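The values are calculated or read from the model by the stated rules, or taken from the named source; none is laboratory data. Values in this document were obtained by computation on a predicted structure and should not be read as measured data. All Cβ positions, even for glycine, are placed from backbone atoms using ideal geometry, and neighbour counts span all protein chains on display. What goes into the accessible areas is simple: the full protein's heavy atoms, side chains included, and nothing from ligands, DNA or RNA. Shrake-Rupley method; radii C 1.70, N 1.55, O 1.52, S 1.80 Å.
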Amino acid sequence: MSKESDLAAVAEDIAKLKSQFDLADKSVPGEGNPDSELMIIGEAPGHLENKTGRPFVGRAGKLFEKLLMEIGIDRKDVFITSIVKFYPGQRAPSQKEIDLCLPYTLKQIDIIKPKVVLLLGSIAIKALLGKNKSITKEHGKLVRNELGNLFPTFHPAAALRFEKYLPVIRSDLKKLDSMLQLIRSL
Ligand code: URA
C-alpha cells in the first residue's frame with residue numbers, strides 16, 4: 001500500500017461522516033504531497049471549501065498561501081488539512097464535531113509522518129496538544145509529543161480579523177523555516 005492509497009482510504013472513511021453535518025455539501029479531507037516534511041492543520045472548512053471539497057481556498061487560505069510563499073513553501077508541496085473535515089456553518093466546530101473527525105487527522109499524521117506539523121489556531125492546538133493549552137502561550141514554540149514535532153501559530157483568519165496577528169504569524173513562520181532548514185541539514 002502506498003501513502004496515496006492509504007490517504008485515499010482515509011478520505012473515503014471521512015466521506016461517510018457527511019450525514020452528521022447538516023450544512024455539508026462536500027467532505028474536505030485534505031490535499032497535498034503525502035511525502036511532505038511539513039503537514040499543516042487548520043480548524044474547519046469554510047463556505048468555499050464546502051463548495052469545492054478543497055482546504056484553505058477561501059480568503060484565509062489565500063492569505064496563508066502568500067505567507068507560506070514568503071518562507072519559500074508552495075502549498076502544492078505540503079499536505080494541508082483541518083481538524084474538522086466538514087463545514088460546520090459560520091461558527092466554531094463543536095466538541096462533538098471535533099471528536100468525530102479527530103481519529104482521521106491522527107491517521108493522516110501517521111501515514112504522512114511529517115517532520116513538523118504546523119497547527120493553525122486554537123481548535124487545532126487544543127485538539128492535538130490538550131484542551132488546557134492556549135494559543136497565546138504556545139504559539140511559536142516547538143512541542144514534542146507522541147504525535148511528533150508540533151508547531152502552533154495563529155490561524156490566518158485571525159489576521160484577517162485583527163491585523164496585529166499578521167506580524168506574529170510571519171515571525172512564527174520564520175522560526176518554522178529555520179527549524180525546517182536545521183532538520184534538512186541533519
Ligand atoms: N480554515 C480552516 O481551518 N480550514 C479550511 O479548510 C479553511 C479555512
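Based on the alpha-carbon gyration tensor of segment 126-186 and its eigenvalue square roots a ≥ b ≥ c, which shape applies: rounded if a/c is under 1.5, prolate if not and a/b is larger than b/c, or oblate?
It comes out oblate by the Cα gyration axes.
With n ≥ 4 as the cut-off for DSSP H runs, can you work out [θ] at 222 nm for the chain, using -39500 (n - 2.57) per run divided by the number of residues, rounded to the nearest 500?
When only DSSP H runs of four or more count, the value is -14500 deg cm²/dmol.
Round to a whole angstrom and tell me the spacing of the C-alpha centers of segment 132-186 and segment 22-96.
Taking the Cα centre of segment 22-96 as reference, the centre of segment 132-186 is 16 Å away.
So for the chain, averaging the separation of alpha carbon pairs under 8 Å that are six or more residues apart and normalising by length, what relative contact order in percent results?
Result for the chain is 23 percent.
Beyond 29 Å between alpha-carbons counts as too far, so tell me which of Lys113/Lys174; Lys18/Lys175; Lys16/Lys133; Lys76/Lys131 fall in that bin.
Over 29 Å Cα-Cα: Lys18/Lys175; Lys16/Lys133; Lys76/Lys131.
Could I have the simple spin-label model distance between Ser19 and Thr52, label points 7 Å from Cα toward Cβ, reported in nm to one decimal?
Output for this residue pair reads 3.0 nm.
Between Lys115 and Lys137, what FRET efficiency follows from the Cβ-Cβ distance if R0 is 35 Å, with the result rounded to 0.05?
Step by step, r from the Cβ atoms, then E = 0.90.
Give the percent of DSSP beta bridges with both residues in the chain that are antiparallel, rounded to the nearest 5.
30
What number do you get for the chain when its Cα radius of gyration is normalised by 2.2 N^0.38 Å, N = residues?
Cα Rg divided by the expected 2.2 N^0.38 Å: 0.95.
Using a 1.4 Å probe on the protein chains only, how many percent of the accessible area of the chain belongs to carbon and sulfur?
Carbon with sulfur: 54 percent of the solvent-accessible area.
Relative to the present Cα-Cα distance, how much length would full extension add between Ser5 and Asp35 at 0.36 nm per residue of separation?
9.5 nm
So what does Ser178 come to for accessible area, using a 1.4 Å probe and Å² rounded to 10?
Ser178 has an accessible surface of roughly 70 Å² with all protein chains in place.
For the pair Gln181 and Asn145, how long in nm is the line joining their label points, each one 7 Å along Cα→Cβ?
Result: 3.0 nm between the two label points.
At most 13 other Cβ atoms within 10 Å plus a DSSP loop assignment makes a site exposed; report the longest stretch of the chain without any exposed GluC sites (Glu not before Pro).
Counting at most 13 other Cβ atoms within 10 Å as exposed, the longest clean stretch of the chain is 1-145.
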